[in-house]
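Contents: one structure, followed by commentary.
The values are calculated or read from the model by the stated rules, or taken from the named source; none is laboratory data. Note that this is a predicted model, so its numbers are computed, not measured. The protein model used for the area step is the full one, side chains on, heavy atoms only, and it has no ligands, DNA or RNA in it. Shrake-Rupley method; radii C 1.70, N 1.55, O 1.52, S 1.80 Å.
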Amino acid sequence: MIIQALAFYLFAAMTIAAAVMVIAARNPVHSVLFLILAFFNSAALFVLMGAEFLAMILVVVYVGAVAVLFLFVVMMLDIDLVEIRAGFLQYLPMGGLIGIILLIELLLVLGAWIAVPEMAAVAGVPLPPPDQVPNTRALGAVLYTKYVYLFQASGLILLVAMVGAIVLTLRRREGVRRQSVAAQIGRSREDSVEIKKVPSRSGA
């Protein structure tokens, strides 16, 4: 128990520190790297709770796809840090207002938190599945029945984010020849084939 408690405090402290560095780092690339570190430590916390499926999904999906996608987008866009900092004071009141609203929502959630299972049963909060049901099976039963539409909506959001990243990184540069599929398909025979009449014994 002592080793599990020490591991929990270690991973939790690393997760909080990495999350703070995500918003405190000056370089966007460093922020994405700290985000990957936060994901790995969160996966370790899931393993400690016995939710190994969520831990693997967090590593494979978020670290292997989403965070790496963020990293490539940030590196390809070549973000101008001076221009971003110039508009910081302009958006500071709106950002502060949104931060205060999020803080109030978090306090309301923590204030209504029920930590005792007996009180949760009285309040009508659904209890976790029994021990004989595997973690993956219980998660799939809930995800593909009650929350199937939200699950599909999250997939569409990720698809739109991927397409948006591709569109943002697609640049037109002068002097670079690109393939135009529409022009290739739409050209006629007269534009592609030219008949030359070569006299006999004169060569091509």
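Tabulated values for the structure
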| item | result |
| --- | --- |
| Checking Val133 against (1) modelled with pLDDT under 85; (2) open to solvent by 90 Å² or more (accessible area, probe 1.4 Å); (3) of a type outside the set (Phe, Trp, Tyr), the condition it does not meet | (2) |
| Residue check for Val198: modelled with pLDDT of 75 or more, open to solvent by less than 100 Å² (accessible area, probe 1.4 Å) and within 29 Å of Val66 (Cα to Cα) | no |
| Region 155-174, residues that are β-branched (Val, Ile, Thr), open to solvent by 90 Å² or more (accessible area, probe 1.4 Å) and at pLDDT 85 or above | Ile157, Val160 |
| Whichever residue in region 175-195 is under 30 Å from Met75 (Cα atoms), of a type outside the set (Gly, Ala, Ser) and part of a loop (DSSP other than H, G, I, E, B) and, among such residues, is most open to solvent (accessible area, probe 1.4 Å) | Arg177 |
